[in-house]
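Novice: So that we are looking at the same thing, I have put the structure below in structure tokens.
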Amino acid sequence: MKAFFEAIQSLFVDFLFKPLDWLRALELDNWWLANIVSWTLMAVCTKYIIYWCKQLSIHQKNNEENQDTTAHSFLK
């Protein structure tokens, strides 16, 4: 059983986390490149939040939004 858990450790430490180790080492040279994953995730989230807000305003203008507090049976 010990070999099984050591194999899992080897998989993660030696293979799957290598890109993260590279980013951690890169931080000493260039902070912006080291945080590229964070910047990418923030950009994607911002894009979809803006899309979501636009869709909400479209439904609001078409009077398709049901704002009745009893819209769901569990809110009665």
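Novice: Just the accessible area per residue of the chain, please: how many Å² with a 1.4 Å probe?
Specialist: Ligands and nucleic acids excluded, the result is 95 Å² per residue.
Novice: Figure the gain on full extension for C53 and M1 (residue separation times 0.36 nm, minus the Cα-Cα span) and round it to one decimal in nm.
Specialist: In short, 13.6 nm is gained.
Novice: Using the Cα centre as the reference, give the magnitude of the dipole from point charges on the C-beta atoms of the chain (Lys, Arg: +1; Asp, Glu: -1; all else neutral), rounded to the nearest 20 debye.
Specialist: Around 180 debye, computed over the chain.
Novice: What is the calculated FRET efficiency for K61 to I36, with r their C-beta to C-beta distance and R₀ = 35 Å, to the nearest 0.05?
Specialist: Here the calculated transfer efficiency is 0.40.
Novice: Continuing with the same structure: To one decimal place, what orientation-averaged projected area in nm² is obtained for the convex hull of the Cα set of the chain?
Specialist: The orientation-averaged projected area of the Cα hull of the chain comes to 10.8 nm².
Novice: Next question. Summarise the accessible area of the chain (1.4 Å probe, protein heavy atoms) by the percent that is carbon and sulfur.
Specialist: 66
Novice: Charges on Cβ only, +1 for Lys and Arg, -1 for Asp and Glu, centred on the Cα centroid of the chain; of W32, S10, Y48, which one is farthest towards the dipole's positive end?
Specialist: Among W32, S10, Y48, the one farthest towards the positive end of the dipole of the chain is Y48.
Novice: Angle check, please: helix 36-61 long axis (alpha carbons) against the longest principal axis of the chain (alpha carbons), in degrees 0 to 90, nearest 10.
Specialist: For helix 36-61, the angle is close to 10 degrees.
The values are calculated or read from the model by the stated rules, or taken from the named source; none is laboratory data. This structure is a prediction, so every number in the text was calculated from the model and none was measured. No Cβ is skipped: glycine too gets one built from the backbone with ideal geometry, and neighbour counts run over all protein chains shown. Areas reflect the complete protein model, heavy atoms only, side chains present, ligands, DNA and RNA absent. Shrake-Rupley method; radii C 1.70, N 1.55, O 1.52, S 1.80 Å.
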